[in-house]
Each structure stands twice: as C-alpha cells, then as structure tokens.
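Everything on this sheet refers to the single structure shown next.
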C-alpha cells in the first residue's frame, strides 16, 4: 500500500516494555523475511503472538513501526547518545577513539545479516512509496547527525583531513563498509576498521 496508512487508535491499556520489545523483534523478523510488501500490522501481530490493537496503541501506522524497527535493529550495536555526550569537552585522543568506536559500531550493523536485510527492505520500499521515502530520508539524516557532529569537531581541531567535505566523507565511509561486506562478502575486521579510520584522520595524527 502506497502512502501513509491511516492512523489507528492510540489509546488503550498501559504499555508493556516486554511487549514493546517483542513487537519490535517481530517487526524486524517480518521485514527481513517478507520485505516491505509483506510488512503489515497483521503479520507483525502474528509473529509476536498478539493483536493489531496492541500495535496501534504504540505506533499510528506501519511507516512509524518500520522506522522504529530500523532503529531497534541498529541500536543493538550502537549507543550514539553515550558516545557523543559532552563531545566539546573531550580531549583530542578521546575524540579519535570515539570516532573509531562509531565506525566499528556501524561495521557491526552492516555485518549483522538481519540488520542488513531490514535495511535493504526499507531501501527497496523507498522506490515504491514516495511518502515513506521522505520519512526515511529524514530519519537517515537524524541518525547520521552524531557522526556529522564528531567529524565537524575533529575538523575544527585540525584532526580530520580537510580536503574532502564532511558530507562526502560520510558517503565514503558508508560506501566502503557496505561494499566490502555486502558486495565482496569480506569480513569487517579490526584491521579494516583501523584503515578506514586512518584514512579519515589528518595524516599527522592518523
């Protein structure tokens, strides 16, 4: 179904953290196995062993649930809020270490086959659903902001290579990691991650 689905009822019994987790896990499973075309509240409810109203009390439509599922499958491998708290007060060495951890966290997401399947399903759906494409693009920009913030700070301190704009650096990072993992099927090991980090940092501090 194209476009944003009509909002469902949002009121009802109190939410359960355990059911929240079960629904997000079920949503990820449905997306990974059936793609966006097979992604519905009915399908998620069946996998979670619950009912449509339980989902409607949490998410207004399947697009909201899809973005929540995407966040869920990625958050298993990263915690940007913890890593990026108080960045301006961090030392140069701490900033470089945080950047390296962010690259490693992204590599773990890409290496996670279920996360990759969910991401691919979402990307494919963007070509069929204009409304979802707009929502997902905004969502992606929000998710990449912590990485942008630390890259800008590294640049301001002269710790980042200055010959490439930050936006292009992010595209290069994402492309390199996804190409190695999804196209070449090669491991994203510590040596590869260290090389990626080294390419981003200014030569005299890499």
Checklist entry - Could you give the angle, 0 to 90 degrees to the nearest 10, between helix 62-75's Cα long axis and the longest principal axis of the Cα atoms of the chain? => result 40 degrees
Checklist entry - Going by alpha carbons, how many degrees (0 to 90, nearest 10) lie between the helix axis of 130-156 and the longest principal axis of the chain? => result 30 degrees
Item to check | Area projected by the alpha carbon convex hull of segment 17-70, averaged over all directions, nm² | outcome: 3.0 nm²
Checklist entry - Going by how many other beta carbons lie within 10 Å of each one, how would you line up 161, 62, fewest first? => result 161, 62
Checklist outcome for this item: Yeah, segment 60-166 with a ≥ b ≥ c from its alpha-carbon gyration tensor (a/c under 1.5 is rounded, else prolate when a/b outruns b/c, oblate otherwise) is prolate
Checklist entry - Based on the Kirkwood radius over alpha-carbon pairs, what is the Stokes-Einstein translational diffusion coefficient of the chain at 20 °C with 1.002 mPa s viscosity, in µm²/s? => result 115 µm²/s
Checklist entry - Counting alpha carbon pairs within less than 8 Å and at least 6 residues apart, what relative contact order, in whole percent, applies to segment 78-200? => result 33 percent
Checklist entry - How big is the C-alpha Rg of segment 109-150 next to the rule-of-thumb value 2.2 N^0.38 Å, as a ratio? => result 1.29
Next on the checklist: For the chain, take the longest principal axis of its alpha carbons; what is the angle in degrees between that and the long axis of helix 113-126, to the nearest 10 within 0 to 90?
Outcome noted: 70 degrees
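Work out the P(r) tail for segment 133-184: percent of alpha carbon pairs separated by more than 15 Å, whole number.
Every Cα pair in segment 133-184 considered, those over 15 Å come to 57 percent.
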Checklist outcome for this item: Note on segment 114-206: alpha-carbon gyration tensor, axes a ≥ b ≥ c; rule is a/c under 1.5 for rounded, else prolate if a/b larger than b/c, else oblate; result oblate
Item to check | Relative exposure of 102, 126, judged by other C-beta atoms within 10 Å (fewest first) | outcome: 126, 102
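Bear in mind these aren't lab numbers, they're just calculated from the coordinates by the rules spelled out. A quick note: this is a predicted structure, and the numbers were derived from the prediction, not measured. Quick reminder, even Gly has a Cβ in these numbers, built from the backbone with ideal geometry, and neighbours come from all protein chains shown.
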